[in-house]
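**Q** Could you have a look at this structure, given as structure tokens, before my questions?
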Amino acid sequence: MTEERQSRVRAVLEKRQPDLTVLLEHVHKPHNLSAILRSCDAVGVLEAHIVALEGRPPTFNETSAGSDKWLPLVSHETTALAFSSLKARGFQVVAAHLSAEALDYREWDYTQPTAVLLGAEKWGVSSEAAQLCDAHIIIPMHGMVQSLNVSVAAAVVLFEAQRQRLEKGLYAGSRLTPSQLAKLEFEWLYPREAEILRERNEPYPI
Ligand code: SAM
């Protein structure tokens, strides 16, 4: 393990934003999922969430550029369970949704704990999710086509969140607790050893 590798891992972990995430509702195409995780990694999302289609576990392809390795994707069985889990952790859920009451996406305050909900390519956000969420946001469209590709929409919103968070100094110091930081640093630097210790139910040497 080189010192350079260690400092790179530490620098990336110190930018992770535990209170910014995405919730993907039935987004299943591997290239879209992969592109979304890559954008999540770029802005420092710590973990992403998905309600997967029944019988279709999430899969990735080379579009992820390996970002799926650094970003856990937590699966929820239903939309309602995903909402209750995120809400219990203090997240507001804002749906990227082309509805009549949607706010311009730049009007939302992403410096508060926020999960950005994105809908499936074909169906969009479900009516259940649209009702459960705290607000709808829209990326204004002035072309002939009504919507963006879901991964593009995710990137646009996530980079607005990054802009607001940079302005507020939320990337200036680690947002993880010292024990979270040490645990993740060990897992990222020594993934095989970490896996063996987890299987044996033994503590990490941190
Ligand atoms: N036919 C679908 C609909 O009516 O919602 C279009 C789905 S769109 C291809 C996939 C997802 O990308 C949407 O559910 C939404 O989350 C996001 N999205 C795409 N364009 C958007 C926009 N202009 N504003 C907000 N979200 C958008």
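The values are calculated or read from the model by the stated rules, or taken from the named source; none is laboratory data. In this text the structure is predicted, and so the values were computed from the model without any measurement. As a convention, Cβ positions derive from the backbone with ideal geometry for all residues, glycine included, and neighbour counts pool all protein chains shown. For the accessible areas, the whole protein counts, side chains as well, though only heavy atoms, and no ligand, DNA or RNA atoms are used. Shrake-Rupley method; radii C 1.70, N 1.55, O 1.52, S 1.80 Å.
**Q** Residue 135's amide H: which non-local residues (gap 5+, or another chain) put their own amide H closer than 5 Å, with H modeled 1.01 Å from N in plane and none for Pro or chain starts?
**A** Sorted by chain and number, the residues that satisfy this are 95.
**Q** Grab the beta carbon distance between residue 174 and residue 135, set R0 = 41 Å, and tell me the FRET efficiency rounded to 0.05.
**A** Working: r = 29 Å, r/R0 = 0.71.
The calculated FRET efficiency here is 0.90.
**Q** Return the lysines within reach of residue 69: Cα separation strictly under 19 angstrom, same-chain partners fewer than 8 residues apart disregarded; answer none if there are no such residues.
**A** 15, 29, 183
**Q** Once you have a ≥ b ≥ c as the square roots of the Cα gyration tensor eigenvalues for region 58-98, tell me rounded if a/c is under 1.5, and otherwise prolate or oblate according to whether a/b is larger than b/c.
**A** prolate
**Q** Can you run phi through the Karplus equation (6.51, -1.76, 1.60; θ = phi - 60°) for region 12-24 and list ³J(HN,Hα) in whole Hz, with x for Gly and Pro?
**A** Calculated HN-Hα couplings, in order: 5, 4, 5, 9, 5, 10, x, 10, 9, 8, 10, 10, 9 Hz.
**Q** Right, next: Would you tally the net charge around residue 23, using a Cβ to Cβ cut-off of less than 15 Å, leaving residue 23 out, and scoring K and R as +1, D and E as -1? Provide the component values of the computation, followed by the final result.
**A** On the way: positive: 87, 89; negative: 19, 25, 47, 77, 128, 134.
With Lys, Arg at +1 and Asp, Glu at -1, the net is -4.
**Q** With the other protein chains left in place, how much accessible area per residue, in square angstrom, belongs to region 17-167 at a 1.4 angstrom probe?
**A** Numbers: 7140 Å² over 151 residues.
Result: 47 Å² per residue.
**Q** Which order do the peptides 188-199, 150-161 take when ranked by the mean count of other beta-carbon atoms within 10 Å per residue, highest first? Spell out each step's value before the answer.
**A** Values: 188-199: 12.7, 150-161: 20.2.
In decreasing order of mean packing, 188-199, 150-161 become 150-161, 188-199.
**Q** Once you list every other residue whose beta carbon is under 13 Å from the beta carbon of residue 185, what net charge do they have if Lys and Arg are +1 and Asp and Glu are -1? Intermediate results must be reported in sequence, preceding the final value.
**A** Values: positive: 5, 8, 10, 16, 183; negative: 14, 187, 193.
Taking every Cβ under 13 Å from that of residue 185, the sum is +2.
**Q** Restricting to the chain, what percent of DSSP beta bridges are antiparallel, rounded to 5? List each step's numbers first, then the result.
**A** Working: 1 of 23 bridges.
If I count the DSSP bridges inside the chain, around 5 percent turn out antiparallel.
**Q** Also: Between residue 22 and residues 5 or more places away or on another chain, which pairs have amide H atoms under 5 Å apart, with H built 1.01 Å from N, and which residues are they?
**A** Residues meeting the criterion, in which the H sits 1.01 Å from N, are 49, 116.
**Q** When the dipole is taken about the Cα centre of the chain, and only Lys, Arg (+1) and Asp, Glu (-1) are charged at their Cβ, what size is it in debye, to the nearest 20?
**A** 320 debye
**Q** Still on this model: Please compute, over every Cα-Cα pair in region 1-80, the percentage with a separation greater than 18 angstrom.
**A** Details: 1366 of 3160 pairs.
Percentage above 18 Å: 43.
**Q** Give me the distance in nm between label points sitting 7 Å out from Cα along the Cα-to-Cβ direction at residue 182 and residue 31, one decimal.
**A** It is 4.5 nm.
**Q** What distance in nm lies between label points placed 7 Å from Cα along the C-beta direction at residue 142 and residue 81?
**A** According to this spin-label approximation, the distance is 4.4 nm.
**Q** If you don't mind, there's one more thing I want to ask. Given the convex hull of the Cα atoms of the chain, what is a quarter of its surface area in nm²? Intermediate values should be presented prior to the final figure.
**A** Values: hull surface 51.4 nm².
The number I arrive at for the chain is 12.8 nm².
**Q** Additional query: Give me the Kirkwood hydrodynamic radius of region 84-189 in Å, from all C-alpha pairs, to one decimal place? Show your work: numbers first, answer last.
**A** Numbers: mean 1/r = 0.0647 Å⁻¹.
So the Kirkwood estimate lands at 15.5 Å.
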